[in-house]
Amino acid sequence: MKSYLAAAIQMTSVPDVSKNLAQAEEFIDLAVNQGAQLVGLPENFAFMGEENEKLAQANSIAQETEKFLKTMAQRYQVTILGGGFPVPAESGKVYNTALLIDANGQELSRYHKVHLFDVNVPDGNTYRESSTVMAGKELPEICVTEKLGNIGLSVCYDVRFPELYRHLSEKGADILFVPAAFTAFTGKDHWQVLLQARAIENTCYVIAPAQTGINYARRQTHGHAMIIDPWGVILADAGEKPGIAIAEINPSRLEQVRRQMPSLQHRMFI
């Protein structure tokens, strides 16, 4: 593994798959033209709308999205994370699925979001992700790559559950993906500090693509797609408008931090 550039894409996805994928392609092109070799798209990048609409269109969304990811990866010769899109499950619900695709268009890793966002947010909005989404039953696996390092996947609300990331770090993760559609209300207080905590406690890079702005109805997302180094330093922040956060993933920095702060070696309760 040598140093390379990674990009966390920030979008304002809406209930229109064609429009969203066109926006995603625009930002993939921008990231690649700036030298990115690893590109992450946020949760719900292909479709962000009412839960019943998502369920009704799940089959076509899944097919279009997977085809899009493979096409983009091959066309631009980069590894791409599709940070979360609905894939039909046996139950009649869907899995919120993150998919990592290599430059040959081959699937490297697939993860079904485990922790579902069923929360009454103090701003008056109520979210019941479990009404349409089936929780994944397995912890994410590590994707071992020669050029990009060892990559672990997660999705949005997972970031509040440190045991998932500890599992990934124990399996040898260098990079933790946290694609999200964080609410504006919770994001202003918790998004950055949670990402920094996951980076620091696991001495890993964190790449966090994000949704931003008004997506539909009263649904407003926080933005601030970020890339954070293993010391917790914010290397790039996309702010509040659609765009990209791009930064270097440096194996020497990873080794330096782990040498200076060998906390993972000092754990007593495993």
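The values are calculated or read from the model by the stated rules, or taken from the named source; none is laboratory data. As the structure is a computational prediction, the values presented were derived from the model and not from experiment. Cβ: placed from backbone, ideal geometry, glycine included. Neighbour counts: every protein chain shown. Protein only, heavy atoms only, side chains kept; ligands, DNA and RNA dropped before computing areas. Shrake-Rupley method; radii C 1.70, N 1.55, O 1.52, S 1.80 Å.
Among the residues of segment 157-170, which ones are open to solvent by 10 Å² or more (accessible area, probe 1.4 Å), part of a helix (DSSP H, G or I) and farther than 20 Å from residue 258 by Cβ? Full working, then the answer.
So in segment 157-170, the residues open to solvent by 10 Å² or more (accessible area, probe 1.4 Å) come out as 157, 160-163, 166-167, 169-170.
Now restrict to residues that are part of a helix (DSSP H, G or I): 157, 160, 162-163, 166-167, 169-170.
Answer for segment 157-170, where residues must be open to solvent by 10 Å² or more (accessible area, probe 1.4 Å), part of a helix (DSSP H, G or I) and farther than 20 Å from residue 258 by Cβ: 157, 160, 163.
Is at least one residue of segment 183-203 in contact with a helix residue (DSSP H, G or I) (Cβ under 8 Å, 6 or more places away or on another chain) and assigned to a strand (DSSP E or B)?
No; the residues of segment 183-203 include none that is in contact with a helix residue (DSSP H, G or I) (Cβ under 8 Å, 6 or more places away or on another chain) and assigned to a strand (DSSP E or B).
Out of (1) more than 20 Å from residue 116 (Cβ to Cβ); (2) surrounded by fewer than 20 Cβ atoms within 10 Å (Cβ to Cβ), the odd one out for residue 245 is which?
(2)
Rundown of residues vs (1) touching a residue at least 12 places away in the same chain (Cβ under 8 Å); (2) within 22 Å of residue 61 (Cα to Cα); (3) acidic (Asp, Glu), yes/no style:
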{"site": "6", "(1), (2), (3)": "yes, no, no"}
{"site": "15", "(1), (2), (3)": "yes, yes, no"}
{"site": "21", "(1), (2), (3)": "yes, yes, no"}
{"site": "25", "(1), (2), (3)": "yes, yes, yes"}
{"site": "29", "(1), (2), (3)": "yes, yes, yes"}
{"site": "38", "(1), (2), (3)": "yes, no, no"}
{"site": "45", "(1), (2), (3)": "yes, yes, no"}
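Please verify whether residue 253 is part of a helix (DSSP H, G or I), closer than 21 Å to residue 1 by Cα and in contact with an Asp or Glu (Cβ under 9 Å, 6 or more places away or on another chain), treating the condition exactly as stated. Explain how you work it out, then say what you get.
Working: part of a helix (DSSP H, G or I): yes; closer than 21 Å to residue 1 by Cα: yes; in contact with an Asp or Glu (Cβ under 9 Å, 6 or more places away or on another chain): yes.
Taking the combined requirement at face value, the residue satisfies it.
Filter segment 32-70 down to the residues that are among the charged types (D, E, K, R), at pLDDT below 95 and assigned to a helix (DSSP H, G or I) and list them by number.
We begin by selecting, within segment 32-70, every residue among the charged types (D, E, K, R); these are 43, 50-51, 53-54, 64, 66-67, 70.
Still in the running and at pLDDT below 95: 50-51, 53-54.
Hits for segment 32-70 are 51, 53, 54.
Among the numbered conditions (1) without any contact (Cβ under 8 Å) to a residue 60 or more places away in the chain; (2) at positive phi; (3) in contact with an Asp or Glu (Cβ under 9 Å, 6 or more places away or on another chain), tell me where residue 84 comes up short.
Only one criterion in (1) without any contact (Cβ under 8 Å) to a residue 60 or more places away in the chain; (2) at positive phi; (3) in contact with an Asp or Glu (Cβ under 9 Å, 6 or more places away or on another chain) is unmet by residue 84, namely (1).
Yes or no: residue 173 buried (at least 18 other Cβ atoms within 10 Å of the Cβ), of a type in the set (A, V, I, L, M, F, W, C) and within 18 Å of residue 206 (Cα to Cα)?
On the way: buried (at least 18 other Cβ atoms within 10 Å of the Cβ): yes; of a type in the set (A, V, I, L, M, F, W, C): yes; within 18 Å of residue 206 (Cα to Cα): yes.
Yes.
Would you point out the residue of segment 25-44, among those that are aliphatic (A, V, I, L, M) and farther than 19 Å from residue 109 by Cβ, that is surrounded by the most Cβ atoms within 10 Å (Cβ to Cβ)?
Quick first cut of segment 25-44, residues aliphatic (A, V, I, L, M) only: 28, 30-32, 36, 38-39, 41.
Filter once more, keeping what is farther than 19 Å from residue 109 by Cβ: 30-32.
Values: 30: 16, 31: 26, 32: 19.
Among those residues, the one meeting the criterion is 31.
Going through segment 86-136 one residue at a time, which ones are open to solvent by 40 Å² or more (accessible area, probe 1.4 Å) and of a type in the set (D, E, K, R)?
Those that are open to solvent by 40 Å² or more (accessible area, probe 1.4 Å) and of a type in the set (D, E, K, R): 90, 93, 107, 110, 118, 123, 128.
Can you name every residue in segment 214-242 that is crowded, with 19+ Cβ neighbours inside 10 Å, in contact with a helix residue (DSSP H, G or I) (Cβ under 8 Å, 6 or more places away or on another chain) and under 18 Å from residue 204 (Cβ atoms)?
Matches in segment 214-242: 226, 228, 229, 230.
Select from segment 71-81 the residues that are part of a helix (DSSP H, G or I) and crowded, with 16+ Cβ neighbours inside 10 Å and list them in ascending order. So that I can check it myself, show each step before the final result.
Keep residues of segment 71-81 that are part of a helix (DSSP H, G or I), which gives 71-76.
If the condition is that a residue be part of a helix (DSSP H, G or I) and crowded, with 16+ Cβ neighbours inside 10 Å, then 72, 73, 74, 76 are the ones that fit.
If you go through segment 132-154 one residue at a time, how many are assigned to a loop (DSSP other than H, G, I, E, B) and in contact (Cβ under 8 Å) with a residue 24 or more places away in the chain?
Restricting attention to segment 132-154, the residues satisfying the condition of being assigned to a loop (DSSP other than H, G, I, E, B) are 132, 134-141, 146-148, 153-154.
This time we only want the ones that are in contact (Cβ under 8 Å) with a residue 24 or more places away in the chain, so: 132, 134, 136-141, 146-148, 153-154.
So the count comes out to 13.
Under 7 Å between Cβ atoms, which residue pairs at least 6 apart in sequence (or on different chains) link something in segment 108-128 that is farther than 11 Å from residue 96 by Cα with a partner that is in a loop (DSSP other than H, G, I, E, B)?
From residues that are farther than 11 Å from residue 96 by Cα, the pairs are 108/102; 109/141; 109/153; 125/218; 127/117; 127/121.
Can you tell me which residue within segment 107-124, out of those that are part of a loop (DSSP other than H, G, I, E, B) and touching a strand residue (DSSP E or B) at 6+ places or on another chain (Cβ under 7 Å), is modelled with the lowest pLDDT?
Restricting attention to segment 107-124, the residues satisfying the condition of being part of a loop (DSSP other than H, G, I, E, B) are 113-117, 121-124.
Remaining after also requiring touching a strand residue (DSSP E or B) at 6+ places or on another chain (Cβ under 7 Å): 113, 116-117, 121.
On the way: 113: 98, 116: 96, 117: 94, 121: 85.
Among residues in segment 107-124 that are part of a loop (DSSP other than H, G, I, E, B) and touching a strand residue (DSSP E or B) at 6+ places or on another chain (Cβ under 7 Å), the one modelled with the lowest pLDDT is 121.
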